[in-house]
Amino acid sequence: MKTILYVCVHNAGRSQMAEAFTNYLAAQRGVAVRGVSAGTMAGERINPTAAEAMREIGIPMDGQKPKPLTREMADAADRTITMGCGVDASACPARLMITEDWGLDDPAGQPIETVRRIRDEIRRRVETLLDEIAKEE
């Protein structure tokens, strides 16, 4: 099973949505992939608007919580994807490790319409990623 590590600063929105999409869609498609997420400065709780946007499409993030990025997590990952470093460039995980950056907007403080757009872009990218991995198997 491959592990995809999604990293952002607070691990409260984008990376959590990517983790949830990866685990949900991989299970649906029968692809041996596990999504995990972490933050360089993990927040206190999941962004409630991000959680609401995911609930709207039937993928709840119940039980997920922000987690601090550890070296062990990074070492165990087959692929590491940062979610966009425009929020806090000094805390950007791409400065700490080799990653692929998706350059997504931060949903923090955004209205639900904006969070839905970010959610849909994350889903599109996760689907593409899972298609690539399925071809490798």
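So here's what we get for this one:
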read-out: Semi-axes of the equivalent ellipsoid for the range 2-136, Cα gyration tensor, largest first, Å; value: 20, 19, 13
read-out: Unit charges on C-beta of K, R, D, E only; dipole of the range 2-136, Debye; value: 200 debye
read-out: Highest-fluctuation residue, GLN64, GLN28, GLN110 considered, GNM on the chain with Cα pairs under 10 Å; value: GLN28
read-out: Listed residues ALA32, GLN110, CYS8: farthest to the positive end of the dipole of the range 2-136 (Cβ charges); value: ALA32
read-out: Estimated [θ] at 222 nm from DSSP helical runs (n ≥ 4, -39500 (n - 2.57)) normalised by residues in the chain, nearest 500; value: -13000 deg cm²/dmol
read-out: Sorted peptide list for 75-82, 5-12, criterion being average Cβ within 10 angstrom, highest first; value: 5-12, 75-82
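Values quoted throughout were computed directly from the atomic coordinates according to the rules given, and no laboratory measurement underlies them. From a predicted model like this one, the values you see are computed outputs, not experimental measurements. Glycine also receives a Cβ, built like all others from the backbone with ideal geometry; neighbour counts cover every protein chain displayed.
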